[in-house]
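These notes are about the structure you will find just below.
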Amino acid sequence: MQFREVQKARPGANGATIAVNKQGAALSIPLALLKEAGFADATPVRILYGEEGRRRCIQLVSDPEGKFRLSPRKAVSLLQAPELTPKAKIDKKQSLAHSEPGGGKIIFDLPAGWDLARKDVLA
């Protein structure tokens, strides 16, 4: 049997969620994760969307010309993005897996079946 050391979890390593409210899709991202990636509070961001097979991802990129803005709350930052609203009805918050943050960007995997309701919002 091979044993491997258990590492202490990074603060905010998990906890990013996406949900749908009256305004559309809303991301909730731990502030610790944003700081680790190099985002400032209330920073403007660009949202990039990518698909490969059945996998759908979004990438948040810190950009002064970004059209979306992070809204800091207590321990999380909220990002309201109605353009990411899915076709299917979503009743509850769903967790977002993310890649290693850094360099002013974070990549999130969207939940399975998260097809955008409007493809015309993609450039």
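Read-outs: derived from the displayed coordinates by stated rules, not from any lab. It should be emphasised that the depicted structure is a prediction, and the values quoted were computed from it without experimental measurement. All Cβ positions, even for glycine, are placed from backbone atoms using ideal geometry, and neighbour counts span all protein chains on display.
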field: Under the Karplus curve 6.51 cos²θ - 1.76 cosθ + 1.60, θ = phi - 60°, whole-Hz ³J(HN,Hα) for the stretch 21-29, x wherever Gly or Pro sits
entry: 10, 4, 8, x, 5, 9, 9, 10, 10
message: Which of ASP115, ASP109 has the fewest other C-beta atoms within 10 Å, and how do the rest follow up to the most?
response: ASP115, ASP109
query: Put +1 on the Cβ of each Lys and Arg and -1 on the Cβ of each Asp and Glu in the stretch 17-112; which of GLY104, PRO64, TYR49 then has its Cα farthest toward the positive end of the dipole?
result: TYR49
- prompt: Taking the Cα centre of the chain as the origin and placing charges on Cβ (Lys, Arg +1; Asp, Glu -1), which of ALA123, PHE3, GLY15 is farthest toward the positive end of the dipole?
  reply: GLY15
field: Partner lysines for LYS35 [C-alpha distance under 26 Å; skip if fewer than 8 residues away on the same chain]
entry: LYS8, LYS67, LYS74, LYS93, LYS105
query: Which values, in whole Å and largest first, are the semi-axes of the equivalent ellipsoid of the stretch 1-108 obtained as the square root of 5 times each eigenvalue of the Cα gyration tensor?
result: 24, 18, 14
- request: With θ set to phi - 60°, apply the Karplus curve 6.51 cos²θ - 1.76 cosθ + 1.60 along the stretch 55-68 and write out the HN-Hα couplings as whole Hz, x wherever there is a Gly or Pro.
  value: 8, 10, 9, 10, 10, 9, 10, 5, 8, x, 8, x, 8, 10
task: For the chain, give the magnitude of the charge dipole about the Cα centre (Cβ charges: +1 Lys/Arg, -1 Asp/Glu; no others), in debye to the nearest 20.
output: 380 debye
